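Read-outs: derived from the displayed coordinates by stated rules, not from any lab. Small disclaimer: the values here were computed from a predicted structure and weren't measured. All Cβ positions, even for glycine, are placed from backbone atoms using ideal geometry, and neighbour counts span all protein chains on display.
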Amino acid sequence: MQHKQKRSLMNFISVLDRNTMLGRLPYYTKLRSAVEKLYLQRRLSAAGIDLAFVRDQWFYDHFAAAPARINHMARKKLKGEQQRILDFGCGDGIMALGMQLQNPRARVTGVDLHDAHKCLAETAHKQIQLHALPETLQFHQVQAGEKLESAVGKGFDLIYSWSVFEHIARDCLEGIIADFHSILDKDGLVLIQIAPLYYSPFGSHLLGLVDEPWAHLLLDETELRAKVAGRDLTEFRDDQKNLLFTSCSGNDFKQHMLSEYSTLNRIRYRELITLFEEKGFKVAKIRKKLANQRIPSQLLQKVAREDLRTYEVFVAFRKS
Ligand SMILES: C[S@@+](CC[C@H](N)C(=O)[O-])C[C@H]1O[C@@H](n2cnc3c(N)ncnc32)[C@H](O)[C@@H]1O
């Protein structure tokens, strides 16, 4: 497929994504996923990857779909040769692998507090028959508060962080953003995605365990925990089944999810932008996704409508 055709497919997807009314149309989701899969298969064929083998929705979303959104947002930046890319908070490393294979001339480094990336080779072999991870893909485990430059060096063209910034301890946020500034190339780009934002309908990150919108803001702690405890996990959604879900007991999974919930930093998207601006960044692009559920009136008295509705923010920052 010609470069221009590939780009117009991705532009088409991003226009669909921005139109919240489309989500209500029958068959919209199927059409959107079919177009996206076509685009991604073309992009990954060069690396010998056949997405038809992928059976796991979590893997597909992180290996193919999320990197495609990063690539689209940073498309001008990623045109160059030998770009250095940092995946901050890489978790299981699936997304970093997707970025590396979708950008074969780049060098991708993943960092995280944990070492879940150690299972990546086995997962990639199972899901896409990959025999060895690319040599250009590297991972580093860091301590909270450790200077990023000492772990991964500097001169990055692109730093992205996917579903991480709502999990970072409040007292680490400023230091991390300042670190991004010092390890980013002067023309570099930082992309931050957060979903779901805390005040949005499923901002508790308990979707699948508690399906009522804004339950975490409407129920007290005991009621919320009781709902989680009583949940039948056989009904759990495929796209929520991460490595933890597949590797531990239902009870341990529920406990882990509740402990993640209790450590969410509750960041709002305007606060995110202010934090970056204070550390020498300016916004280059913002994409937001809005929830369309009816907001209970008692919440509108306590939380701004904008925070209750915005469930995803995806922002590109440059140095100012
Ligand atoms: C919800 S997971 C997202 C992982 C991955 N980005 C993904 O989308 O699958 C959040 C990750 O952020 C990492 N994290 C949280 N605080 C961090 C910090 N200060 N430094 C590095 N990683 C951090 C956690 O260890 C965890 O792996």
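As an exercise, use a Förster radius of 25 Å and the Cβ-Cβ distance of S150 and K319 to find the FRET efficiency, rounded to the nearest 0.05.
About 0.75, to the nearest 0.05.
Could you list K118, K76, K254 in order of exposure, starting from the residue whose Cβ has the fewest other Cβ atoms within 10 Å?
K76, K118, K254
Give me the tail of P(r) for the chain as a percent: Cα-Cα pairs with distance above 28 Å.
Looking at the chain, the distances longer than 28 Å represent 41 percent of pairs.
Between E260 and K285, take the C-beta separation as r, use R0 = 22 Å, and let me know the FRET efficiency to the nearest 0.05.
Numbers: r = 29 Å, r/R0 = 1.30.
So, using R0 = 22 Å, E works out to roughly 0.15.
For the residues E271, E146, what sequence is obtained by ranking on other C-beta atoms within 10 Å, fewest first?
Ordered by Cβ neighbours within 10 Å, fewest first: E271, E146.
Using r as the Cβ-Cβ distance of K76 and S297, and R0 as 45 Å, what FRET efficiency do you calculate, to the nearest 0.05? Kindly include the intermediate steps, with their values, before the conclusion.
Working: r = 44 Å, r/R0 = 0.98.
The pair K76/S297 has a calculated efficiency of 0.55.
From the cross-link list K79/K279; K241/K302; K77/K154; K118/K279; K147/K288; K77/K282, which pairs have alpha carbons spaced over 22 Å apart?
Cα-Cα > 22 Å for K79/K279; K241/K302; K118/K279; K147/K288; rest within.
Once label points are set 7 Å from the Cα along Cα→Cβ at both A304 and Q129, what is their separation, rounded to one decimal in nm?
If labels sit at A304 and Q129, their model points lie 5.1 nm apart.
Out of D92, D232, D187, any idea which swings most in a Gaussian network model of the chain, alpha carbons joined below 10 Å?
D232
Give me R270, R170 sorted ascending by neighbouring Cβ count inside 10 Å, so fewest comes first.
Listing R270, R170 from fewest to most nearby Cβ atoms yields R170, R270.
What's the extension gain from K37 to T246 if we count 0.36 nm per residue and subtract their Cα-Cα distance?
Full extension of this stretch gives 72.8 nm more.
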